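As structure tokens, the structure follows; a few thoughts come after it.
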Amino acid sequence: MLFTFGAYPAATARTRGLKARLLQPTDWQALGTAAHLTAALAYLGTTSYQTALAAATSQATTLPSLRTVEHALHSALIGDMINISRFVHGAAFNLLACLAQRYELINVTTQLRRLSQPERRTIHLATEPYQLGLLALTSSAAWGACTSLNDLGRMLEKTYLRNEFRLGLASFGDSHDLLRFESTLDTAYLHELLVRLVAVGDTCHQQMCRIIGSVLDELTLTGLARFRFVHGLEAAAVYSLLPLHGCGRLGERQFWELAKARTEDELCHALQTLPGWQALAGATLRDTVMHLRRARQVACRNVFLRATPISIAPVIAYFFIKEQEIMDLICTLQMKRFRIPFASERLVRAAA
């Protein structure tokens with residue numbers, strides 16, 4: 001297959017500039033030693049998250065909820081992707097848009113839960129929908145006008161989620177199974193992400209596949225454990241709900257080996273015996289996920305060291321580095337909220 005390679009010097013320069021604004025070890029130290037949640041938020045307001053947090057606190061007369069703060073932090077990442085995407089076009093733009101559309105998928109599932117569960121209609125399940133601007137699948141104004149599942153389906157009619165939404169809605173009418181409905185939409189999104197990754201044909205294609213494959217490994221492992229041990233689904237039912245295609249270290253054969261496990265401990269033990277997992281599989285699923293995320297951070301840093309201006313790979317790496325930073329921040333703020341001693345080993349970016 002022949003690919004047309006683009007040149008993205010402006011996009012990579014902007015990305016490197018944004019990367020320089022990521023939190024530094026001194027910032028993590030200050031957050032870790034903050035006496036309480038208010039102090040941690042005050043310090044965070046002096047960093048590159050100042051604008052995002054100002055928007056979150058401007059509407060609150062008291063300390064904002066962590067749900068509002070979390071929304072603001074993720075919105076900062078969306079803003080970065082919108083900023084960078086102005087310097088790319090074609091297949092590369094489509095890939096960046098799809099990365100950001102993970103948050104639009106959150107909009108969809110939030111609406112799905114609100115509209116399918118009448119008892120929640122008067123309760124705000126989240127803050128305002130994420131606004132993706134030029135990266136959005138649908139018009140941002142449409143979310144407020146969505147009053148039924150049929151309205152939601154019409155919003156998605158011209159998107160890559162349309163077929164899965166139709167099928168999910170049809171089966172939901174019989175079973176009222178939101179778990180399968182949402183998992184079907186997740187799988188459709190991840191399939192589209194892989195399609196757009198291939199379409200770019202970047203010089204650093206393998207490095208980008210390694211990063212995204214690691215993400216899919218994590219989603220597959222955590223999904224398998226959740227579906228089998230929390231929801232009690234049989235292995236055959238779980239198989240169709242997981243993003244096995246595109247995983248870096250997991251495939252169909254490995255799935256069936258792991259699906260034999262009856263507990264999470266058995267799953268972790270089975271994982272330790274699989275080729276390529278000895279250095280990543282931990283004693284617990286949480287340990288394994290942390291090992292995957294730390295390995296992904298290393299892969300992302302290596303992209304910045306080795307990529308050239310004709311590659312879009314630094315933008316992809318930045319997305320996942322920034323996303324991990326936000327997850328670590330949320331974990332840190334939760335520790336402060338519940339007055340749990342700060343534990344840096346629970347974080348990834350803080351040790352990067």
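The values are calculated or read from the model by the stated rules, or taken from the named source; none is laboratory data. Note that this is a predicted model, so its numbers are computed, not measured. No Cβ is skipped: glycine too gets one built from the backbone with ideal geometry, and neighbour counts run over all protein chains shown. Ligands, DNA and RNA are excluded from the accessible area calculation, which covers all protein heavy atoms including side chains. Shrake-Rupley method; radii C 1.70, N 1.55, O 1.52, S 1.80 Å.
Annotations for the structure displayed:
- Residue, farthest from Leu44 (Cα to Cα), within the range 323-343, restricted to residues that are in a helix (DSSP H, G or I) and open to solvent by 10 Å² or more (accessible area, probe 1.4 Å): Glu323
- Here Leu280 does not qualify as assigned to a loop (DSSP other than H, G, I, E, B), surrounded by 14 or more Cβ atoms within 10 Å (Cβ to Cβ) and free of Cβ contacts under 8 Å to residues at least 12 places away in the same chain.
- Qualifying residue in the range 170-183 (condition: crowded, with 20+ Cβ neighbours inside 10 Å and within 20 Å of the chain's Cα centre (by Cα)): yes
- For the range 19-70, the helices (runs of 4 or more DSSP H) that sit wholly inside it and include 1 or more residues that are closer than 18 Å to Arg339 by Cα are 25-33, 37-44.
- For Arg294: the one exception among (1) over 28 Å from Ala188 (Cβ atoms); (2) of a type in the set (Lys, Arg); (3) open to solvent by 90 Å² or more (accessible area, probe 1.4 Å): (3)
- Residue satisfying all of: in the range 8-44; among the charged types (D, E, K, R) and open to solvent by less than 80 Å² (accessible area, probe 1.4 Å); farthest from Thr62 (Cα to Cα) among these: Lys19
Listed here are the residues, each with its yes/no results for (1) in contact (Cβ under 8 Å) with a residue 24 or more places away in the chain; (2) assigned to a helix (DSSP H, G or I); (3) closer than 16 Å to Ser116 by Cα.
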| site | (1), (2), (3) |
| --- | --- |
| Cys146 | yes, no, yes |
| Tyr160 | yes, no, no |
| Phe172 | yes, yes, yes |
| Asp186 | yes, yes, no |
| Leu190 | yes, yes, no |
